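Working notes, beginning with the structure itself.
Quick note: the coordinates plus some simple rules give every number you see, no bench work behind them. Model, not experiment: these values are computed from the prediction. No Cβ is skipped: glycine too gets one built from the backbone with ideal geometry, and neighbour counts run over all protein chains shown.
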Amino acid sequence: MEPSMIFTAVGAMGGLTVVLSIFLVLANKKLAVFEDPRIDDVEDLLPHANCGACGLPGCRPFAEALVNEEVAPSKCTVSSPEGLELIAEYLGVDVGAQEKLVARLACAGGNHVARQQVNYAGMKSCRAAALVAGGGKKCQWGCLGLGDCEVACDFDAIYMDPFSIPVVMEDKCTACNACVEICPKDLFSLQPQDERLWVACKNLQEGNQVLESCEVGCTACGRCAMDAPEGAINMVSNLPRINPNKANLNQVPIQRCPTGAIVWLDKDNGPIKGPDATIITRRSPLPVELD
């Protein structure tokens, strides 16, 4: 190839590169979308948990929503009160009031009170166990106790007690929903922290036959509904359903529960059962009852 042709080709490519560069610069200026610089500052003030507890997919979208005044700072349940105040002061807005939600487990059937009918020996995972005969527990609604929720919680807000039942530490819980999504028995739900009356059971059976599976299961006796203020508790599918607008007045509904399936969640002392509940002193797992 002649030198003149090489120089011509190089020159053409160089010229095309310059033209395209100019075009891209002009297009960038023309099509550029303004982004409020405060978004970066607010994002830096957030805890960078990206947990989704605020209802948005991460801290960046939440920062954008804050700057656009679409949400209040208090919507972030992970940040400290001091951190929320800094954000509110920076943006010149009110912190806002946000009712704290926490994860709660609708089961108290640890291995010392709930019976196994299958000796599961597979992968230590509730989801895996649930695929094998429903997990092996005689109560088909009960917690399988293999700790998927504990592993899924990025905030160390869940630990397994000595009887293989998850315990949620309210002060650490951010309501991120991870435990809700991973539980194969749908036993977790997000509840207002200040609502202290709680049904720790999801067994839909009726009568004392429930006790053959779990000694702390709800037998659908209805005493809690009878004793509660009118309209506070209704029996639905053999389980007490608490009306959050009326129920949390006092501990009266737990007093006559024979199994302690309905409890009062004391902030400092944990679940409180009524005086009529059977006292469980056993501290060792029940033997497996193979069918």
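The stretch 53-94 and the stretch 211-270 have Cα centres spaced 36 Å apart.
Close amide-amide hydrogen proximity is noted between ILE233 and ASN243, each under 5 Å apart and 5 or more residues distant or on a separate chain (H modeled in the peptide plane; Pro and chain starts excluded). Computing semi-axes √(5λ) of the Cα gyration tensor in Å for the structure here picks out one of [x] 55, 27, 15; [y] 30, 23, 16; [z] 33, 27, 13, namely [x]. Compactness of the stretch 38-91 was expressed as the Cα radius of gyration divided by 2.2 N^0.38 Å, which yields 0.94.
Taking 16 Å as the straight-line reach from the Cα of LYS246, the aspartates and glutamates in range (excluding those fewer than 8 positions away in the same chain) are ASP194, GLU195, ASP227, GLU230. Taking each DSSP H run with n ≥ 4 as -39500 (n - 2.57) and averaging over every residue of the chain yields -7500 deg cm²/dmol at 222 nm.
In the chain, taking the dipole from charged Cβ atoms about the Cα centre, the farthest positive-side position among GLN98, CYS51, CYS201 is held by CYS201.
Given their separation in residues at 0.36 nm each and the Cα-Cα distance between them, VAL93 and ASP156 gain 19.5 nm when the chain is fully extended.
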